[in-house]
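Data first, discussion second: the structure below is written as C-alpha cells.
Each value in this text was obtained by applying a stated rule to the coordinates, not by laboratory testing. Bear in mind the structure is a predicted one, so any value in this text is a computation, not a measurement. When we count neighbours, we look across all protein chains shown, and the Cβ atoms used for this are built from the backbone with ideal geometry, even at glycine.
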Amino acid sequence: MNELSFTASMLAVLPIYAIIASGSFARKVGWIAPAGDSTLMKVAVELTLPCFILYNLLENDKLRSVSFSISTIVLGMAITAISIFVSWIGGKILRLKVGDGLRTFVVTAGVQNYGFFIIALVAILMPNSEFTGLVLTFNVGCDLIFWSVGFLMISNAKKMSFDFLKKGPVWAVFLGLFLMWTGLDKYIGDSVKIFLKLMGGVAIPVNLMLFGTLIVDMLDLKKIAWKIVLAGTTLRMLILPAMLVLSLTFLPLSNPLKMLILMQSLAPSGVMSAVLAKHFGGHPHISVQITIATCAISLITLPLWLNLGLKIIN
C-alpha cells in the first residue's frame, strides 16, 4: 500500500463511523432493543465472526509458516502489554487511584480497538488482501493479554480468566492455522468457502452496529471527566502511536509485521473496556468518553500516522 492523501485516508474511515452511527440510530428509535442484544451478540460473535476469520485465514500463504504465525501472535501480545504499561504510568502521573478510575483509565487508553475497527479499516484500504488474515492472527495475541492482564486489572479479580479461549472467534483462528500448517485447507471445497464468505460478510457491520448501541447505552454527557478524557485521548492517539510508528525505524521485522504495528497504532480505544467496567463496578462513563473522543480525533490522527508509517516502511 502506497502513500494516501489526507482526504483519501479520512474518507476510508467514514464508512466505519457511518455503520457505528447507524447502530446508535437503530437503538434510539427502538429497532435494536436491549432485550435482543444477547441473541444478536451471540449470532454476530459466535457464528458470523468465526466464518469471517476462517475465510480470511484459508489459503493465506504467509500463515503456512508456523514460526511466522507464532511471531505474529507474540507481537500482538507484546504491543498490548507495553501499551497497558505506558497507560499505567500515565494514570499514575494523573494521580489516579484504584476506586477513582485508575483501572478503567489504564485499560481503556492502553488497549486499542484491535478488533472490528482495524479489521474494517484493512478491508477498506486493502480489499482482497492476505493482510486481513495476519490481522486476525495478531489479534489472538492481543486477546491473550487483554483477557488476562486487562481483565485482571479492570475487574480487580483475584485470578486471570481464560474463558475467552472457549469463544468461537479464537477457536476459528486456531482451526484456521491448523488447517494451513497441515495443508488440509487444500481439501476444502469451493462451496464451503462461498458459505464462509457470505456468512462472514455480515460480521463486521453487525458488530460495528452493536458498538453503536453500546455508546447510546453508556454515554452520559452530564458527567464528562475532561482531564481524564484529555489524558486518555492523548495517550491513545498521540503518545502510543508515536512510540509504535517510531519503532518501525529500528525493529528488525519484515514489512508485513511492520505494517501490523502501523495499523494497530491507528485505532481508537476499544469499547470492550467499557463493557467490563460496567459489569465489574468500574467507571464505564470514563471508558465510553475516552472511546468516543479517540474515535473523533482519529479522523485527524489516522491519516497523519498512516502516511508517516508508510513512508518509514517503504
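Annotations
- Segment 6-313, relative contact order [Cα under 8 Å, separation at least 6], %: 31
- In segment 1-112, Cα pairs under 8 Å separated by at least six residues give a relative contact order of 15 percent.
- Three-way shape label, segment 206-247, alpha-carbon gyration tensor, a/c 1.5: oblate
- Secondary-structure-derived ellipticity at 222 nm for the chain, considering helices only, amounts to -21500 deg cm²/dmol, per-run term -39500 (n - 2.57) for DSSP H runs with n ≥ 4.
- Labels on offer are [x] 0.96; [y] 1.06; [z] 1.58, and the one holding Cα Rg over 2.2 N^0.38 Å computed from this structure is [x].
- Cα gyration tensor category, rounded, prolate or oblate, for segment 169-211 with a/c compared to 1.5: oblate
- Sorted ascending by nearby beta carbons within 10 Å, beginning with the fewest, 51, 142, 295 become 51, 295, 142.
- Neighbour-limited loop hits for chymotrypsin sites (Phe, Trp or Tyr not before Pro), segment 198-260 (at most 16 other Cβ within 10 Å; DSSP other than H, G, I, E, B): 250
- For the chain, hydrophobic long helices are taken as DSSP H runs at least 30 Å long by C-alpha position along their axis with mean Kyte-Doolittle hydropathy of -0.5 or more; these are 6-28, 66-93, 284-313.
- Cross-link table 62/167; 223/278; 42/278; 92/167; 97/223, entries beyond 23 Å C-alpha to C-alpha: 62/167; 92/167
- For the chain, leaving out every one of the trypsin sites (Lys or Arg not before Pro) that falls in a DSSP loop and has at most 16 other Cβ atoms within 10 Å, the longest unbroken run is 168-314.
- Build a GNM of the chain with springs between Cα atoms under 10 Å apart, and of 189, 150, 115 the one that fluctuates most is 189.
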